[in-house]
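Participant: Could you have a look at this structure, given as C-alpha cells, before my questions?
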Amino acid sequence: MSTHIFKGEGGDGPGGVFIFWEAGRRQALEQAVLEAERLAIMGQLSAIALHEVRNPLSAVKGFLQILRRELEDVRQLEYVEVMLEAMDRVNNLITDYLRLAKPCIPERRHCCLEELLRDLLSLYEVEIKNKGINLLFSCPADIPEVSLDREQFHEVVVNILKNAAQATPSGGEIEVGIELREEADSVSLFVRDTGPGIPEDVLSQVFEPFFTTREQGTGLGLYVCREIVINHGGEICVANNPERGCTVTVTIPCRE
Ligand SMILES: Nc1ncnc2c1ncn2[C@@H]1O[C@H](COP(=O)(O)OP(=O)(O)O)[C@@H](O)[C@H]1O
Ligand SMILES: [Mg+2]
C-alpha cells in the first residue's frame, strides 16, 4: 500500500490517497524465478555428478572385460555378461541425460539439409549395410536452405536413424529423404523403415521421456529429438506405414 497527502486548490484541509495493490502475482513470479534457478543449478550439479560416475564405471567395465577373457566357468561368464550389459545400460542413460542437460537454445545458421544428411549417412552407411539393411537416400533438386543448428540436427537424425536401424531386420530397408512442402513453406525430412512398426496403443507415448520398449533403451532419444525440433519451430511425427514399418517425419519452416 502507498499513501499520498495533498491539499485542495483553495487551501482546503488536507486530503489523502491510499493506493492498494495486490502483490500476490509479483510474489508468485519471484518464487517462480527462484525455483527455475534452483532447478537449473540442480541440473548442472547432476550433470557434473553423472559425468564423474562415468570414470569408475569405465574402470569396472574394463576389468570385467578382462575377466570375461580369463574366465572358463560358464556360469561365472554368464554373470560377467549380465554385469557388462548393466554397465552399458547405465552408460547409455548417462550419455542421453548429459545430452538432455545441455542448453537447448539452437545456434542457427543457414545450412543445406541435403549436404547435412549425406555427410551423416556416410558415417553410418557401413554399420547399417553390415546389418544387411539396404539404405536409400532421395532428395529433389532445388530444396531451399534452412536455418538450423547443425549439431543439434545431426543428433536428431542420428537418433531417428538408430531407432530405424534397431527396428529393421536383416534384408530390410531404410529410406531417408527430403521433401519440399511448398504450401506450408517448409522442408521435411523423413526416415522410413521396414521394421515391425509401433503398436497403435503405444504410438502416443513414444515421445515421453523414459518410454522405451527396448531392453537396452533409455527412452530419451525421441524425447530429445522433439525438444530440438520444437526449439526450431518445427514438428516431428511418427506414423506406421500402410504395409510395414514406420516413418518418422521432421518438418522445419524455411524461414525462422
Ligand atoms: N523405427 C522404429 N520402429 C519401431 N519402434 C520404434 C521406432 N522408433 C522408436 N520406436 C519406439 O519408440 C520407443 C522410444 O524410442 P526412443 O525415445 O528413441 O528410446 P529408445 O530407443 O532408447 O527405446 C522405442 O523403445 C520403440 O518402442
Ligand atoms: Mg532410440
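The values are calculated or read from the model by the stated rules, or taken from the named source; none is laboratory data. Just so you know, these numbers come straight off a predicted model, no measurement behind them. Don't worry about glycine lacking a Cβ; one is built from the backbone with ideal geometry, like all the others, and counts go over all protein chains shown.
Participant: For the range 141-163, how many residues meet the condition of being aliphatic (A, V, I, L, M) and closer than 15 Å to Thr249 by Cα?
Facilitator: 5
Participant: Just checking, which of Ala167, Ala141 is over 30 Å from Leu45 (Cβ atoms), modelled with pLDDT under 95 and among the small types (Gly, Ala, Ser)?
Facilitator: Only one candidate passes the filter, namely Ala141.
Participant: A further question follows. If Glu78 passes every condition in (1) part of a loop (DSSP other than H, G, I, E, B); (2) more than 30 Å from Glu145 (Cα to Cα) but one, which one does it miss?
Facilitator: Just one mismatch for Glu78, condition (1).
Conditions (1) of a type in the set (A, V, I, L, M); (2) over 30 Å from Leu84 (Cβ atoms), marked per residue:
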{"residue": "Glu9", "(1), (2)": "no, yes"}
{"residue": "Ile19", "(1), (2)": "yes, yes"}
{"residue": "Arg25", "(1), (2)": "no, yes"}
{"residue": "Glu35", "(1), (2)": "no, yes"}
{"residue": "Gln44", "(1), (2)": "no, yes"}
{"residue": "Ala47", "(1), (2)": "yes, no"}
{"residue": "Leu50", "(1), (2)": "yes, no"}
{"residue": "Val53", "(1), (2)": "yes, no"}
{"residue": "Leu57", "(1), (2)": "yes, no"}
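Participant: Test of understanding: among Val157, Val187, Val146, Val191, which residue is touching a Ser or Thr at 6+ places or on another chain (Cβ under 9 Å), assigned by TED's automatic domain parsing to the domain that holds Glu215 and within 16 Å of ligand 2 (Cβ to nearest atom)?
Facilitator: Of Val157, Val187, Val146, Val191, the one residue that is touching a Ser or Thr at 6+ places or on another chain (Cβ under 9 Å), assigned by TED's automatic domain parsing to the domain that holds Glu215 and within 16 Å of ligand 2 (Cβ to nearest atom) is Val191.
Participant: Follow-up. In the range 211-256, how many residues are in a loop (DSSP other than H, G, I, E, B) and within 12 Å of ligand 2 (Cβ to nearest atom)?
Facilitator: The qualifying residues number 9.
Participant: Just to check your reading of the model, which residue among Gly219, Gly195, Gly233 is near ligand 1 (Cβ under 8 Å from one of its atoms), at positive phi and not β-branched (Val, Ile, Thr)?
Facilitator: Going through Gly219, Gly195, Gly233 in turn, the sole match is Gly219.
Participant: Need the failing condition index for Ser170 against (1) polar (S, T, N, Q); (2) within 16 Å of ligand 2 (Cβ to nearest atom); (3) more than 22 Å from Thr251 (Cβ to Cβ), just the number.
Facilitator: So Ser170 meets the others, but not (2).
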